[in-house]
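One structure is given here, and the rest of the page talks about it.
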Amino acid sequence: MRHWVDSNSLFSSCFGVVVLALAWCCANGCDLFTGKWVMDSTYPLYSASACPFIEKEFSCQKNGRQDLLYTRYRWQPLHCSLTRFDGLKFLEKFRGKSIMFVGDSLSLNQWQSLTCMLHSAVPTARFNITRLNDVSTFSFPDFDVKVMLDRNVYLVDVVMEKIGRVLKLDSIRSGKLWKGIDMLIFNTWHWWSRRGPTQPWDFIEYQGVIKKDMDRIQAFEIALDTWAGWVDANVDPSKSLVFFQGISPNHYNGTLWGEPKAKSCVGQRQPLPGTTYPGGLPPAVDVVKKVISKMKRPAKLLDVTLLSLLRKDGHPSMYGFTRSTGLDCSHWCLAGVPDTWNEILYSLILCPKFNK
């Protein structure tokens with residue numbers, strides 16, 4: 001059973017709306033992140049072919065994927081249901097405001113999902129897409145809403161110095177771009193294990209000490225502590241919402257989901273049944289939860305790891321940007337799994353006191 005709340009009765013501590021009612025899920029502290037995937041004929045939430053700005057790497061149908069079953073699943077929490085996404089209400093709620101995703105290509109994945117969801121809700125509304133350096137802005141002039149993306153793979157700085165590219169674990173110069181934004185959704189992890197030619201730094205620096213390398217989980221935690229300190233010092237929770245996207249998993253080892261013969265996500269057509277993932281959660285999840293728990297002004301965690309682990313069928317696989325050179329079992333097709341991340345984000349925006 002779905003539980004609906006009228007848009008005029010929504011509570012928003014950040015934007016000063018009077019409390020008239022709370023959604024059932026808010027009042028009862030329902031866990032939106034534990035559940036299972038179910039078939040739903042009303043999905044997907046939008047037509048991928050009708051969203052003209054999906055990047056090639058996520059546009060699986062245009063790249064030749066013909067099985068569409070992966071677009072038909074809805075996330076069902078165990079004890080409640082997500083509020084169905086309403087793009088027009090979302091735009092009205094954020095009229096005159098700004099939203100920014102900050103992170104790597106998984107942030108790009110979620111950003112593109114949200115812009116497609118909004119565009120499909122108001123297909124005749126004017127929109128503009130601009131890019132300045134690493135910041136892309138999707139704006140709806142009729143609503144005065146900006147949905148931005150700051151491509152920033154580590155959150156902390158990578159600086160070119162005489163010795164080469166230095167990953168500075170205790171420096172966030174780019175934070176100046178994030179000030180004054182009404183809703184921030186941060187993400188990092190995808191690049192922390194990179195080595196060899198794809199590693200975009202040569203040295204790591206922390207507290208003035210430069211090293212050639214160090215334990216990547218430890219480096220990740222130090223960087224997140226730096227980010228958390230920046231949020232505590234620079235974000236006023238009465239004016240801005242802060243989320244952390246969570247850890248988006250990949251599917252390159254079938255043994256982890258009980259299919260040892262599967263070497264990747266290629267050919268996967270259905271989610272895993274049930275509510276658990278045999279291979280367990282990536283260690284980065286514990287790091288994120290630990291860091292957020294220590295924040296003075298905690299970010300809200302979009303704990304999407306488990307629900308995404310169950311979706312071995314949702315990746316571009318051989319229908320992504322690297323079709324001719326490799327397989328993509330890290331990112332997600334659109335329409336697809338990131339739409340659910342945004343549905344959860346929408347539910348939490350409507351219920352800001354949820355699960356505190």
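Within segment 87-107, the presence of a residue that is more than 30 Å from Gly267 (Cβ to Cβ), open to solvent by 80 Å² or more (accessible area, probe 1.4 Å) and without any contact (Cβ under 8 Å) to a residue 24 or more places away in the chain is excluded.
Taking the conditions exactly as written (aromatic (Phe, Trp, Tyr) and either open to solvent by 50 Å² or more (accessible area, probe 1.4 Å) or more than 14 Å from the chain's Cα centre (by Cα) (or both)), does Tyr346 satisfy them or not?
Working: aromatic (Phe, Trp, Tyr): yes; either open to solvent by 50 Å² or more (accessible area, probe 1.4 Å) or more than 14 Å from the chain's Cα centre (by Cα) (or both): no.
No.
Okay, residues lined up against (1) out of contact with any helix residue (DSSP H, G or I) (no Cβ under 7 Å at 6 or more places or on another chain); (2) closer than 16 Å to Leu327 by Cβ; (3) open to solvent by less than 10 Å² (accessible area, probe 1.4 Å):
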residue	(1), (2), (3)
Pro237	yes, no, no
Asn250	yes, yes, no
Thr255	yes, no, no
Gly258	yes, no, no
Arg269	no, yes, no
Lys290	yes, no, no
Asp303	yes, no, no
Leu307	no, no, yes
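Restricting segment 219-235 to residues that are within 17 Å of Leu184 (Cβ to Cβ), under 21 Å from the mean Cα position of the chain (by Cα) and hydrophobic (A, V, I, L, M, F, W, C) leaves a set whose member that is most open to solvent (accessible area, probe 1.4 Å) is Trp230.
When you look at Gly258, is it farther than 30 Å from Leu348 by Cβ and not β-branched (Val, Ile, Thr), yes or no? Spell out how you get there, then give the answer.
Details: farther than 30 Å from Leu348 by Cβ: yes; not β-branched (Val, Ile, Thr): yes.
Yes, satisfied.
Exactly one residue out of Asp144, Asp134 is modelled with pLDDT under 95 and touching a Lys or Arg at 6+ places or on another chain (Cβ under 9 Å): that is Asp134.
Pairing each residue of segment 171-200 that is within 20 Å of Arg131 (Cα to Cα) with any residue that is open to solvent by 60 Å² or more (accessible area, probe 1.4 Å) and in a loop (DSSP other than H, G, I, E, B), provided the two are 6+ apart or on different chains, yields C-beta distances under 9 Å for Ser174/Asp134; Leu177/Asp134; Gly180/Lys239; Asp182/Lys239.
The values are calculated or read from the model by the stated rules, or taken from the named source; none is laboratory data. Being a predicted model, the structure only gives us computed values, none of them experimental. Using ideal geometry, Cβ is built from the backbone for each residue, glycine included, and neighbour counts are taken over all protein chains shown. All accessible areas refer to the heavy atoms of the entire protein, side chains included, with ligands and DNA or RNA removed. Shrake-Rupley method; radii C 1.70, N 1.55, O 1.52, S 1.80 Å.
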